[in-house]
1. Could you please find all residues in the range 77-105 being part of a loop (DSSP other than H, G, I, E, B) and closer than 11 Å to LEU67 by Cα?
2. Can you pull out every residue in the range 8-27 that is within 26 Å of VAL84 (Cβ to Cβ) and surrounded by 14 or more Cβ atoms within 10 Å (Cβ to Cβ)?
Amino acid sequence: MDQGSSKKGQPHESLYLVLPYLPLFELLAMAQTCKSFNDALSNDILPWLNIVVDDRLRGSRVTDEILMKITSKAMGRLRSLILVNCVKITDDGLQNVVVNNPGINKVWSLHHHVFFIKTKFFYECFEHIVSN
């Protein structure tokens, strides 16, 4: 069987085109299925640049620690973060994500009633929101 330029045991290169479009929990589940998928997700930053955490079906399991672990996969280059029903995420946890990802442009949290797009007033707005 011809595998093209793929090495044996490695996922096909087209997989890297699909990964950024998969929902977060599917990415995490995929990483657990086999070593080659885990390696693909560990070595590719693209799926981790825009993260949507929808915790409605998970029973609110996402905590500050889990959020930091997930967002750290972007290696400080997270662009956007959307949190839906993440009631265990604290303001401090959200602030840590923003501090560790200076290039972040969008943050939306339904639970925290936070929505902002990075502007010249981004950090002042964030400080005001977190302090209240």
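1. Answer for the range 77-105, where residues must be part of a loop (DSSP other than H, G, I, E, B) and closer than 11 Å to LEU67 by Cα: CYS86, LYS88, ILE89, THR90.
2. Matches in the range 8-27: LEU19, PRO20, LEU22, LEU24, PHE25, LEU27.
For (1) hydrophobic (A, V, I, L, M, F, W, C); (2) closer than 20 Å to LEU41 by Cα; (3) surrounded by 15 or more Cβ atoms within 10 Å (Cβ to Cβ); (4) touching a Ser or Thr at 6+ places or on another chain (Cβ under 7 Å), each residue gets a yes or a no:
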position: SER72; (1), (2), (3), (4): no, yes, no, no
position: MET75; (1), (2), (3), (4): yes, yes, no, no
position: SER80; (1), (2), (3), (4): no, yes, yes, no
position: LYS88; (1), (2), (3), (4): no, no, yes, yes
position: GLY93; (1), (2), (3), (4): no, no, yes, no
position: VAL99; (1), (2), (3), (4): yes, no, no, no
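Values quoted throughout were computed directly from the atomic coordinates according to the rules given, and no laboratory measurement underlies them. Bear in mind the structure is a predicted one, so any value in this text is a computation, not a measurement. All Cβ positions, even for glycine, are placed from backbone atoms using ideal geometry, and neighbour counts span all protein chains on display.
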